[in-house]
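A short write-up of the structure that comes next.
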Amino acid sequence: MRNIISAACLAAITFAVFLLPVTSGYGEGGGSAPLGAFQEKDFEKPQTCRQCHIDIYEQWSQAMMSEAFTHHWDEIEYFDLALEHAKRNPDFEDAVAGCNGCHTPLMWLTGTKTPPRPSENSRANESVSCDICHTITARTGDPSVNFNYVNSPGKTKYGNRDGIVSPYHETAKLEFVSTAEYCGICHNEQNPVGLWVKSTQLEWAEGPYKADGVQCHICHMPRAPGRNANTAKNAHPDVAQHLFHGAHDRGKVGGAIEMRMHPVERELEPGDKAVIKVQLFNGKCGHKVPSGSSEERQLWLRVVAVDAAGREYHLPVDKKGFEGEEQTITSNELAYQDMGYMLGRPDFKGIPRDALPEGDRIFCLAYFDPEGRRTVAQWNTASFGTDYRIGPRETKIETYTWTVPDDIEPGKVIVRGTLNYRRLVKSVAEYLKVPEDETEIVHVNDAETWFEVFD
Ligand code: HEC
Ligand code: HEC
Ligand code: HEC
Ligand code: HEC
Ligand code: HEC
């Protein structure tokens, strides 16, 4: 079990695993009702809602929520990797059927175990739709995990306001809709062996934002004055914008971690040890960074020094000496061998672990397959490494000790740190033929400092 988990979180896990077998492990357990309790006609199409909720529809259609089933990497991981894995090892059939419980709930609720590919244009493509979210009335247990929603489709749409009138449907206010626990239904995921392979809402609950009463909505559905429907009688001062902006939004990720750096000594001679300290502050996220799909997200800090002649030197990060630290320093050792089995390529030797220059600090939680090798398949994860992500309102300090080279150009040495983010490891994307936009490098932040070298 993950060694950083707090007592509160451990209690939650114990609770989920031992007292609530109904939610422990997707497939048979998740969901409000047995696979297939409803028919497609019970849920309305998003285009129907668009007639009156134009702004909200257009916002949603640009968010990953509307692409959770159709987005290329989702299609590739589900159809080309997870389904292939389940064919070779039927033990994973339930887990793989469970992907749809979060990515295209309509399919789960109507009992379509393997939906058609997105190119077939079935209703699976609605992904996480308006009517799925606005007919959720409760969850089957505590904590929220593995799509343990309870849906009551029909005339009433559940929302955040009392006493408003729609010509088309009934409305009802439901406190639950406005809580982080509602989001946690799909943003906490426990895999078949009970590991918390996604825990965004639990991270939030452990951190300062729950105590401050700041729900997910404040940051991902920010409020602004206006009408929530073009047919609405009245405007409201605080309409929930359906932005759901996260990993796929450069502006959201950019600046999410703040950083500064300084040298311990400003004046040095060749052969001296320069010591540079970097502070990284997570002041903007309600959870750890990265969160969610941590098995494949990368956040890394590169530090270089440039001497007065313009020569550049890479500074490797100082080791802190904690257990499992090797996973938190970029490396290109071979990894992800489990994909070979999944794809029926037994001689697959693996691909570079980080596919980045080596020696940089990488803030991550390592996921290991049953044979102890790094994996991006959260369903195939058997253990975790040390959690070295940056927690909400946490500051991490990294140190760089560097012997000033004898042949350095005397004068001012500029030291630069750059913090970058990538959604999917490049080597994995290339191996699985995921289009390049998924591996774009997003600039999170940078900082600069200097010291001077005298002869
Ligand atoms: C014919 C127009 C129309 C259509 C179609 C329509 N709505 Fe509405 N809806 C409204 C109006 C008007 C309101 C009330 C606005 C106000 O006064 O705040 C509303 C309010 C809501 C609310 C807020 C409820 C609350 O209590 O906070 C939700 C949620 C909602 N609609 C969801 C949907 C969904 C989902 C669909 C598609 C299945 C849909 N609407 C289709 C007109 C419509
Ligand atoms: C992932 C779940 C989710 C999806 C998908 C979703 N909504 Fe919502 N919606 C919410 C939540 C949560 C709130 C309440 C926000 C709050 O309490 O701050 C809300 C609020 C609303 C409101 C009331 C806004 C206000 O503040 O007056 C309307 C209207 C609405 N949604 C319509 C829609 C329509 C139409 C769609 C599809 C185009 C849609 N929603 C898709 C979760 C969702
Ligand atoms: C019915 C399941 C479900 C519910 C409920 C839900 N989400 Fe999501 N959400 C998803 C899925 C699935 C994705 C992943 C989409 C993808 O494939 O990249 C996602 C993605 C996101 C993203 C990331 C977008 C990105 O750019 O990577 C944010 C932010 C988000 N959700 C916020 C919320 C918030 C806030 C709530 C509660 C108001 C919520 N979600 C409720 C299923 C859900
Ligand atoms: C105080 C503001 C804040 C709160 C509260 C908050 N988030 Fe975020 N969230 C952010 C920011 C900023 C990012 C972009 C940086 C990042 O990717 O972590 C983000 C990123 C995300 C991502 C993408 C993570 C990744 O690396 O793939 C998801 C998913 C998400 N949030 C869901 C949620 C959910 C669910 C909640 C509530 C349990 C929540 N957030 C609460 C600010 C917030
Ligand atoms: C409990 C809900 C849940 C289950 C079950 C689930 N997912 Fe997800 N998945 C999410 C959420 C929420 C995100 C977004 C997290 C984030 O942005 O960090 C996500 C993100 C992803 C992404 C990354 C999308 C991107 O563009 O970065 C892929 C791919 C994916 N899931 C595939 C799968 C597959 C395959 C399965 C089944 C083996 C599965 N998921 C099971 C909720 C779930």
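The values are calculated or read from the model by the stated rules, or taken from the named source; none is laboratory data. In this text the structure is predicted, and so the values were computed from the model without any measurement. Backbone-built Cβ (ideal geometry, glycine too); neighbour counts: all protein chains shown.
Looking at the stretch 380-388, can you tell me whether even one residue there is crowded, with 22+ Cβ neighbours inside 10 Å and of a type in the set (Asp, Glu)? No - not one qualifying residue is present in the stretch 380-388. Annotation for the stretch 161-182: at least one member residue is modelled with pLDDT of 95 or more, at negative phi, of a type in the set (A, V, I, L, M, F, W, C) and within 16 Å of ligand 5 (Cβ to nearest atom). Being within 26 Å of Lys45 (Cα to Cα), of a type outside the set (S, T, N, Q) and either outside any strand (DSSP E or B) or within 8 Å of ligand 4 (Cβ to nearest atom) (or both) is true of Val165. Counting only strands (runs of 3 or more DSSP E) wholly contained in the stretch 307-418, the ones carrying 1 or more residues that are outside the structural domain of Glu84 (by TED's automatic domain parsing) and closer than 20 Å to Lys273 by Cα occupy 312-315, 395-403.
Scanning the stretch 92-119 for residues that are under 22 Å from Asn148 (Cβ atoms) and in a helix (DSSP H, G or I) yields a total of 17.
Every residue, every condition in (1) closer than 22 Å to Ile54 by Cβ; (2) surrounded by fewer than 16 Cβ atoms within 10 Å (Cβ to Cβ); (3) out of contact with any His (no Cβ under 9 Å at 6 or more places or on another chain), yes or no:
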site: His217; (1), (2), (3): yes, no, yes
site: Met221; (1), (2), (3): yes, no, no
site: Ala229; (1), (2), (3): yes, no, no
site: Lys233; (1), (2), (3): yes, yes, yes
site: His236; (1), (2), (3): yes, no, yes
site: His245; (1), (2), (3): yes, no, no
site: Lys252; (1), (2), (3): no, no, no
site: Pro263; (1), (2), (3): no, no, yes
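Is at least one residue of the stretch 120-139 surrounded by fewer than 18 Cβ atoms within 10 Å (Cβ to Cβ), of a type in the set (Asp, Glu) and closer than 25 Å to Val214 by Cα? So far as the stretch 120-139 goes, no, none of its residues is surrounded by fewer than 18 Cβ atoms within 10 Å (Cβ to Cβ), of a type in the set (Asp, Glu) and closer than 25 Å to Val214 by Cα.
In the stretch 129-142, the residues that are small (Gly, Ala, Ser) form Cβ pairs under 9 Å with partners that are part of a loop (DSSP other than H, G, I, E, B) and away from ligand 4 (no atom under 16 Å from the Cβ), at six or more places apart or across chains, as follows: Ser129/Phe43; Ser129/Glu44; Ser129/Lys45; Ser129/Thr104; Ala138/Ser32; Ala138/Ser152; Ala138/Leu174; Gly141/Leu20.
For the residues Val275, Val289, the requirement of being β-branched (Val, Ile, Thr) and within 31 Å of the chain's Cα centre (by Cα) singles out Val289. Within the stretch 154-211, the set of residues being more than 27 Å from the chain's Cα centre (by Cα), more than 9 Å from ligand 1 (Cβ to nearest atom) and within 27 Å of Cys99 (Cβ to Cβ) comprises Gly154 only.
When the stretch 181-196 is limited to residues that are among the aliphatic types (A, V, I, L, M) and surrounded by fewer than 23 Cβ atoms within 10 Å (Cβ to Cβ), the one that is farthest from Tyr367 (Cα to Cα) turns out to be Val193. Every listed requirement among (1) more than 23 Å from Gln327 (Cα to Cα); (2) assigned by TED's automatic domain parsing to the domain that holds Asp55; (3) touching a residue at least 12 places away in the same chain (Cβ under 8 Å) is met by Ala235 save one, (3). For the stretch 207-258, the set of residues classified as near ligand 4 (Cβ under 8 Å from one of its atoms) and in contact with a Cys (Cβ under 6 Å, 6 or more places away or on another chain) consists of Cys216, Ala256, listed by residue number. Has the stretch 324-340 got any residue that is among the charged types (D, E, K, R), surrounded by fewer than 22 Cβ atoms within 10 Å (Cβ to Cβ) and over 23 Å from the mean Cα position of the chain (by Cα)? Within the stretch 324-340, one or more residues are among the charged types (D, E, K, R), surrounded by fewer than 22 Cβ atoms within 10 Å (Cβ to Cβ) and over 23 Å from the mean Cα position of the chain (by Cα).
Confirm whether Asn100 is at positive phi and within 21 Å of the chain's Cα centre (by Cα). Taking the combined requirement at face value, the residue does not satisfy it.
Does the stretch 29-36 contain at least one residue that is modelled with pLDDT of 95 or more and within 13 Å of ligand 3 (Cβ to nearest atom)? There is no residue in the stretch 29-36 that is modelled with pLDDT of 95 or more and within 13 Å of ligand 3 (Cβ to nearest atom).
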